[in-house]
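Okay, so here's the structure we're looking at.
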Amino acid sequence: MQHRNGVPKGYLSRSQAHVLYGIGLSAEVFHLALHRLEVPTTPYIHHAEDGNEVATYGYLESDIAAAVQVFLDDAIQATRYMCESPLLEGKRFRYNKSQLKPQ
């Protein structure tokens, strides 16, 4: 039922999701976008190497990539290095959409 340090199968930890799917977004913006797009989550207990157990949650992996794409498609390039997002109520975040285009 559980794998990877307590994360249920089919889900990714918050940090793992950001590393794999964050594509240049800050962790704060990435997590806020997934929250606003209602990517399913599940609670679990993280088992730290020092023996501590921490309550946290993981994202349903199959929904993360599509949500990030929706978020970036809806974002507006406001300046060369800043976008703003209607999903974040116009909040600007550091990102350059041209980095997504194939070389």
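The values are calculated or read from the model by the stated rules, or taken from the named source; none is laboratory data. Since this is a predicted model, take the numbers as computed values, not measurements. As a convention, Cβ positions derive from the backbone with ideal geometry for all residues, glycine included, and neighbour counts pool all protein chains shown. Ligands, DNA and RNA are excluded from the accessible area calculation, which covers all protein heavy atoms including side chains. Shrake-Rupley method; radii C 1.70, N 1.55, O 1.52, S 1.80 Å.
Taking the criterion of being within 9 Å of the chain's Cα centre (by Cα) and not β-branched (Val, Ile, Thr), would at least one residue in the stretch 2-12 satisfy it? No, the stretch 2-12 has no match at all.
Residues in the stretch 63-84 that are farther than 17 Å from HIS18 by Cβ and among the polar types (S, T, N, Q): GLN77, THR79. If you go through the stretch 64-76 and keep only what is of a type outside the set (Gly, Ala, Ser), in contact with a strand residue (DSSP E or B) (Cβ under 9 Å, 6 or more places away or on another chain) and open to solvent by less than 70 Å² (accessible area, probe 1.4 Å), you end up with ILE64, LEU72.
Restrict the check to the stretch 47-56 and report whether at least one residue is touching a residue at least 40 places away in the same chain (Cβ under 8 Å), among the β-branched types (Val, Ile, Thr) and touching a strand residue (DSSP E or B) at 6+ places or on another chain (Cβ under 6 Å). Checking the stretch 47-56: at least one residue is touching a residue at least 40 places away in the same chain (Cβ under 8 Å), among the β-branched types (Val, Ile, Thr) and touching a strand residue (DSSP E or B) at 6+ places or on another chain (Cβ under 6 Å). If you go through the stretch 1-53 and keep only what is among the aliphatic types (A, V, I, L, M), crowded, with 16+ Cβ neighbours inside 10 Å and out of contact with any Asp or Glu (no Cβ under 8 Å at 6 or more places or on another chain), you end up with VAL7, LEU25, VAL29, LEU32, ALA33, LEU34, LEU37. Among the residues of the stretch 35-45, those that are touching a residue at least 24 places away in the same chain (Cβ under 8 Å) and assigned to a loop (DSSP other than H, G, I, E, B) comprise LEU37, VAL39. Being touching a Gly at 6+ places or on another chain (Cβ under 6 Å), assigned to a helix (DSSP H, G or I) and touching a residue at least 12 places away in the same chain (Cβ under 8 Å), is that true of even one residue in the stretch 14-34? There is at least one residue in the stretch 14-34 that is touching a Gly at 6+ places or on another chain (Cβ under 6 Å), assigned to a helix (DSSP H, G or I) and touching a residue at least 12 places away in the same chain (Cβ under 8 Å).
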